[in-house]
Amino acid sequence: MRSRQLATLTLALCLGLAPVGVMAQDARQPLDRIVAVVNEGAIMNSQLEERVARTRAQMEAQGVEVPPDDVLRQQVLDRLVIEEIQLQMAREANLSVDDTELNRQVRAIAQNNDMTLEQFADALEADGLSLGVVRDQVRRELLMRQIQQRRVGSRVSISEAEVNRFIEQQGAM
């Protein structure tokens, strides 16, 4: 008797949960997926698609011929991988960009476009971007510039004789 009640209860639960399972399947949304692994980091498909769309829009706005989708996608992915490597190197070197420098750079971008910071923020929003997203992008670019300068600067050495020779050549002109 007890096993029959248990079987009936199990059947009722299974039948009762079936619609929930079906509803759960209908509510599924595709998850983001990894398109590249860079050391301990990952580049997600959403990042790639967003950057491809932004790159395409910039190229079209500048009147530059846009390469075929697969070529553009690969070029953008290559660029994202390089950026990720540089950002990882910057983290390992404990490099950072302080808010004062970041604000100065963002203001300079606005001024180069003959805008106030408020006008710049409004223009970004009209283009579907936020000032926060641009600030993050500028911070990333500043970090990459720092690591590039550090890496190149450590390989360049100029002797005092070379400096003196350059000064003499400039004086002779």
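The values are calculated or read from the model by the stated rules, or taken from the named source; none is laboratory data. This is a predicted model, so every value here is computed, not measured. Here Cβ is always computed from backbone atoms with ideal geometry, including for glycine, and neighbour counts include all displayed protein chains.
Restricting E49, E40, E65 to those that are at pLDDT below 95 and not assigned by TED's automatic domain parsing to the domain that holds R139 reduces the list to E40.
Note on segment 54-82: residues that are on the phi < 0 side of the Ramachandran plot and either more than 13 Å from the chain's Cα centre (by Cα) or among the acidic types (D, E) (or both) total 20. For segment 101-128, filtering for residues that are assigned to a loop (DSSP other than H, G, I, E, B) and closer than 23 Å to R145 by Cα leaves 1.
Can you name the number of the only condition in (1) surrounded by 13 or more Cβ atoms within 10 Å (Cβ to Cβ); (2) within 30 Å of E40 (Cβ to Cβ) that R107 fails? The single condition R107 does not satisfy is (2).
Being touching a residue at least 12 places away in the same chain (Cβ under 8 Å) and acidic (D, E) is true for just one of E118, E101, E125, E141. Which residue is that? Criteria check complete, one pass: E101. When residues in segment 124-173 are screened for being over 30 Å from E60 (Cα atoms) and surrounded by 12 or more Cβ atoms within 10 Å (Cβ to Cβ), 4 of them pass. Taking segment 34-92 as the search range and keeping residues that are of a type in the set (D, E) and without any contact (Cβ under 8 Å) to a residue 40 or more places away in the chain, which one is nearest to M144 (Cα to Cα)? Selected residue: E92. May I ask you to verify whether V81 is crowded, with 16+ Cβ neighbours inside 10 Å, assigned by TED's automatic domain parsing to the domain that holds L48, touching a helix residue (DSSP H, G or I) at 6+ places or on another chain (Cβ under 6 Å) and under 24 Å from V52 (Cα atoms)? No.
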